[in-house]
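Okay, structure first, notes after.
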């Protein structure tokens, strides 16, 4: 599904990504870890089009997306969930989902509030919200949700838009331990639906619950790539995080 070939990104004289090669298949759930400054979020920015690579290429399926805008990539099925909440706080919870459904459908023939299409979209939005137990808050403003609920809303809104590839940037940041488990269950559901999921996360214990593969970045390069067990057992992992080789 996703191919990253010799990806580089620099700001003036500062190199952030230094030749990343990565291939992710349809339906894979992959965790991305690495110390602060290793290039994780910059990689996501390049994948989603918010940064344009200074060298290298990106393919989504057979389509070269290297120079495409974020909106063009989204229409091809790429969904990005940012570390900072990107929901529409002054809109209701259900409106956040409906707007994602309508954005995928394109311009509607009618904008009447009780049109058949609006009724269909409202029912679909409620079904999606029920998957994460947010249907009771459907008419409430999104700003009234807890941090964990906002994260769930943001992910299901991306699902409502029709994404096939999900880029989740630290989805448990600012989330309570209980809601963290709800986020894990939602990611597992995406996996069960056959979606492709890439997750940036600091907590390897969390991502190994649903990721069969972990990629470790350091200094803008892929330094480890394998199963959670193999990555955890590799002495290089300790060296990357603590600066000394494992003994």
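The table below gives the values:
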read-out: Strands (runs of 3 or more DSSP E) within region 154-222 that include 3 or more residues in contact with a strand residue (DSSP E or B) (Cβ under 7 Å, 6 or more places away or on another chain), surrounded by fewer than 19 Cβ atoms within 10 Å (Cβ to Cβ) and on the phi > 0 side of the Ramachandran plot; value: none
read-out: Unmet requirement for residue 167, which otherwise passes all of (1) modelled with pLDDT under 90; (2) within 18 Å of the chain's Cα centre (by Cα); (3) under 30 Å from residue 52 (Cα atoms); value: (1)
read-out: Criterion: within 23 Å of residue 210 (Cα to Cα) and surrounded by fewer than 16 Cβ atoms within 10 Å (Cβ to Cβ) - qualifying residue of 25, 15; value: 25
read-out: Selection from region 172-211 of residues that are under 12 Å from residue 32 (Cα atoms) and modelled with pLDDT of 90 or more; value: 197, 198, 199, 200, 211
read-out: Test: residue in region 158-177 that is farther than 23 Å from residue 45 by Cα and without any contact (Cβ under 8 Å) to a residue 40 or more places away in the chain; value: yes
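The values are calculated or read from the model by the stated rules, or taken from the named source; none is laboratory data. Just so you know, these numbers come straight off a predicted model, no measurement behind them. Heads up, the Cβs are rebuilt from the backbone with ideal geometry, glycines too, and the neighbour counts pull from every protein chain shown.
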